[in-house]
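Laboratory data are not the source of any read-out in this text; all were calculated from the coordinates shown. Computed from a predicted structure; not experimentally measured. When we count neighbours, we look across all protein chains shown, and the Cβ atoms used for this are built from the backbone with ideal geometry, even at glycine.
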Amino acid sequence: MPFFLSVVIPAYNEEERLPQSLAAVLGFLKKQSYGSEIIVSDDGSQDRTVELAKEILKEFPHQVLVTPQNRGKGHAVRQGVLAAKGDYILFTDADLSTPIEEVSKFLACLEKDQDVVIGSRALPDSQVKIRQNFFRETMGKVFNLIAQRFTFKGVHDSQCGFKCFRREAAHKLFSLQKLDGFSFDVEIVYLAQKLGFRLLELPVIWRNSAQSRVQVLRDPLVMFWDVLRIRSIHS
């Protein structure tokens, strides 16, 4: 049966990367047999992100959502997902570290029997073509171990910015999601398992972007604290 896909892209000061990323997403979606929309969820950008998104997407089904001040990636994704009209909803990082073409295998799983499909850089078949530096990679592995200890079970990589949902699951999960920062991924995985949604982790192609928005000295401390309190804020 035909379906409709919403692609949510959170953005914060992305005027340099966004045009190339939107061109890639548009080029892919225009070739597909299913209908689609692109949602750019701006998180208080102070550059031309909003103007560029509106100009590039003007001839394609789209929404450009604007938050007046920077709230965090979790807030931007939540706004985009809850505004999405698709039967299936993908959110992907603005740098397209995971190529948009990977969504095809995610959609196949959702069409079959899954509710939530998340990308992973940590499975045997994952193809990490450009790696993070040693410190960031180690920090990510430690973070995921802590998240497994205190929140979810059996997920190897909660932080990959490429996740796809059935609409019902997405709207339920993101209506409950409360964390505005980078730890929202852990919260979504935790809620998906808690509520009994069928969740699958898939290997993806991934190329690290040198322009990561994660601040090495500040954000990990906030993220670790958030992980420790996820269960309590959803008790």
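Dividing the helix sum by the residues of the chain, where each DSSP H run of 4 or more adds -39500 (n - 2.57), gives a mean residue ellipticity at 222 nm of -12500 deg cm²/dmol. Exposure proxy for Thr151, Thr67, Thr138: other Cβ atoms within 10 Å of each Cβ, ordered fewest to most, give Thr138, Thr67, Thr151. At an R0 of 35 angstrom, the distance between the Cβ atoms of Leu195 and Val222 translates into a FRET efficiency of 0.90. Between Lys141 and Val128, the contour length at 0.36 nm per residue exceeds the alpha carbon distance by 3.2 nm. Computed from the Cβ-Cβ distance with R0 of 25 Å, the FRET efficiency linking Arg229 to Lys153 stands at 0.85. Using the Cβ of Ser45 as centre and a radius below 9 Å, the other residues enclosed give a net charge of -4, where K and R count +1 and D and E count -1. If you look at the Cα atoms of the chain, you get an Rg and a Dmax of 16.5, 48 Å. Mind giving me the FRET efficiency for Gln69 and Glu16? R0 is 25 Å, r the Cβ-Cβ distance, nearest 0.05 is fine. Computed FRET efficiency for Gln69 and Glu16: 0.75. Each Cα pair under 8 Å and six or more residues apart adds its separation to the average, and for the range 4-233 the resulting relative contact order is 24 percent.
What ranking do 152-163, 71-82 get when scored by the average of other Cβ atoms within 10 Å per residue, highest first? Write out the running numbers ahead of the final one.
Values: 152-163: 20.2, 71-82: 23.2.
Result, highest mean Cβ count within 10 Å first: 71-82, 152-163.
Once both labels are positioned 7 Å from their Cα atoms along Cα-to-Cβ, the gap between Glu111 and Ala23 label points is 3.0 nm.
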